[in-house]
Amino acid sequence: MPGEGERLKAARAGDEGAFRALAEPHRRGLLAHCYRMSGSLQEAEELVQDAMLRAWRGLPGFEGRSSFKTWLYRIATHAALDAQKAA
């Protein structure tokens, strides 16, 4: 099984499976994080989906100055804050 660095390189090259392998282990924690921020399970699920999409689209900009997990949580936090502003 390839390491995180190899999966990240593959995901940056457009490999959705590699991205999924990087992101899916964090889905449950992201859902809890988004639930704490939104107070709604349904909204939290939507926020996680939004965060995953933002991460996929923003992957070329990930510089690796933090861990992938930290970067993913930062994206989820911003998604939740954006949703609160829009409400």
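The values are calculated or read from the model by the stated rules, or taken from the named source; none is laboratory data. Source: prediction; values computed, not measured. Note: ideal-geometry Cβ built from the backbone for every residue, glycine included; neighbour counts use all protein chains shown. The area values use the complete protein model at the heavy-atom level, side chains included, leaving out ligands, DNA and RNA. Shrake-Rupley method; radii C 1.70, N 1.55, O 1.52, S 1.80 Å.
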Only one of (1) assigned to a loop (DSSP other than H, G, I, E, B); (2) of a type in the set (A, V, I, L, M, F, W, C); (3) modelled with pLDDT of 95 or more fails for MET1. Which number is that? (3)
Residues within the range 49-68 that are in a helix (DSSP H, G or I) and either open to solvent by 70 Å² or more (accessible area, probe 1.4 Å) or under 18 Å from LYS85 (Cβ atoms) (or both), tallied: 8
Could you grab me the full set of residues in the range 10-30 that are over 12 Å from LEU72 (Cα atoms) and open to solvent by 50 Å² or more (accessible area, probe 1.4 Å)? ARG12, ALA13, ASP15, GLU16, ARG20, ARG28
Go through the residues of the range 16-31 one by one and say whether even a single one is free of Cβ contacts under 8 Å to residues at least 24 places away in the same chain, assigned to a helix (DSSP H, G or I), farther than 16 Å from PHE68 by Cα and within 13 Å of the chain's Cα centre (by Cα). yes
Taking the range 32-48, which residues are open to solvent by less than 70 Å² (accessible area, probe 1.4 Å) and either of a type in the set (A, V, I, L, M, F, W, C) or not in a helix (DSSP H, G or I) (or both)? ALA32, CYS34, MET37, GLY39, SER40, ALA44, LEU47, VAL48
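Output the residues belonging to the range 69-80 that are open to solvent by 70 Å² or more (accessible area, probe 1.4 Å) and farther than 15 Å from ALA23 by Cβ. Don't jump to the end; show me each part of the working.
Step one: of the range 69-80, the residues open to solvent by 70 Å² or more (accessible area, probe 1.4 Å) are 69, 74, 78.
Passing the criteria: only HIS78.
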